[in-house]
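The block underneath contains the structure these notes are about, expressed in structure tokens.
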Amino acid sequence: MKPRHFLTLMDLSAKEIKRLLARAIKLKAMQRRGKKHMSLAGKTMAMIFEKSSTRTRVSFQVGMAQLGGTSLFLSPRDTHLDRGEPVEDTARVLSRMVDVIVIRANSHAMVERFAAHSRVPVVNALTDLSHPCQLLADIQTYLEKRGDITGKTAAWIGDGNNVCHSWIDAAHQFSFHINIATPNGYEPKAEWYAACRDHVTLSHDPKQAVQKADIVITDTWASMGQEHEKAERMKAFSGFMVDTALMKLARKNAIFMHCLPAYRGMEVAAEVIDGPQSVVWDEAENRLHAQKALLEFLLASPSKK
């Protein structure tokens, strides 16, 4: 039987994601009560990270430990991945030794190649095109704070990047609308939202995008690997900071999200990210619980899915 992979939110059905997030909320409650949940005892997770990480690495490694499993971390200098040994060969070998493989990679295409030759589930922990694990945590946070997200409106302000792509997928899977405001030339990839077009409105006006929004989201203007573009991006993104004035144009009970790390005074004002509408710390914590539910789902027997 071929393994289930999680490379984008589209790899699971809407029903499966909703069930997974219900489990994440339950796992969080169990953890708060100090109740053990060793559902993955005896399982091993390998993490291959080409990019640096704080929240992703800690949440996966701690999550696997809380589920009773073990994990090992491999940085680029620790493997021959795509430098002497083909990705396909690494996937064939490693997947004979562990139960699940989590990859944070520069190239989404590389993760797809790896998954195509893996005997075990492969999880996308961030690529240049997608960050689906972040969205599991984001939607869990909205469910906890405001309830059902179906029919709501999200506003994305800033770069049409990998997290933006995953928010587009989420809009399709959960049947809500997302207004995306980016500077000219920084729009999300057209092929990414082509199948989700009915759930997306594109513009270059942050004020227009946040009108009647239930959620306002942003991200850093220069992601990892784009440091050489920083000066150019700072100029292009002028006027795209999420500040108090912009938040006032959204719904009164709108919440603010950011996947972190955040740069106060650039993409978000300090009074917003540190203010009462911000849920970024819950969002960050929920990476732990959503990913535990994901690992359980991918490693559970078919009858339990």
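Assorted remarks:
- Residues in region 250-269 that are in contact with a strand residue (DSSP E or B) (Cβ under 9 Å, 6 or more places away or on another chain) and either within 18 Å of Pro206 (Cα to Cα) or part of a strand (DSSP E or B) (or both): Ala250, Arg251, Ala254, Ile255, Phe256, Met257, His258, Glu267, Val268, Ala269.
- Considering region 60-79, and only residues there that are small (Gly, Ala, Ser) and outside any strand (DSSP E or B), the residue that is surrounded by the most Cβ atoms within 10 Å (Cβ to Cβ) turns out to be Gly63.
- Residues of region 254-278 that turn out to be within 19 Å of the chain's Cα centre (by Cα), aliphatic (A, V, I, L, M) and surrounded by fewer than 21 Cβ atoms within 10 Å (Cβ to Cβ), as a count: 2
- Number of positions in region 11-37 that are assigned to a loop (DSSP other than H, G, I, E, B) and over 12 Å from Gln173 (Cβ atoms): 4
- Some residue of region 121-140 being out of contact with any helix residue (DSSP H, G or I) (no Cβ under 6 Å at 6 or more places or on another chain) and hydroxyl-bearing (Ser, Thr, Tyr): no
Let's see how each residue does on (1) farther than 27 Å from Thr56 by Cα; (2) modelled with pLDDT of 95 or more; (3) hydroxyl-bearing (Ser, Thr, Tyr):
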| site | (1), (2), (3) |
| --- | --- |
| Lys189 | no, yes, no |
| Trp192 | no, no, no |
| Val210 | yes, yes, no |
| Ala213 | yes, yes, no |
| Ala222 | no, no, no |
| Gly275 | no, yes, no |
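- Selection within region 65-119 - free of Cβ contacts under 8 Å to residues at least 12 places away in the same chain and among the hydrophobic types (A, V, I, L, M, F, W, C): Ala65, Val93, Ala109
- The criterion of at least 3 residues that are of a type in the set (D, E, K, R), in contact (Cβ under 8 Å) with a residue 12 or more places away in the chain and over 13 Å from Asp219 (Cα atoms) is met by the following helices (runs of 4 or more DSSP H) wholly inside region 129-203: 132-146.
- Test: residue in region 29-47 that is among the hydrophobic types (A, V, I, L, M, F, W, C), farther than 15 Å from Val123 by Cβ and touching a residue at least 60 places away in the same chain (Cβ under 8 Å): no
The values are calculated or read from the model by the stated rules, or taken from the named source; none is laboratory data. Small disclaimer: the values here were computed from a predicted structure and weren't measured. With ideal geometry, Cβ positions are generated from the backbone for all residues, glycine too; neighbour counts draw on all protein chains shown.
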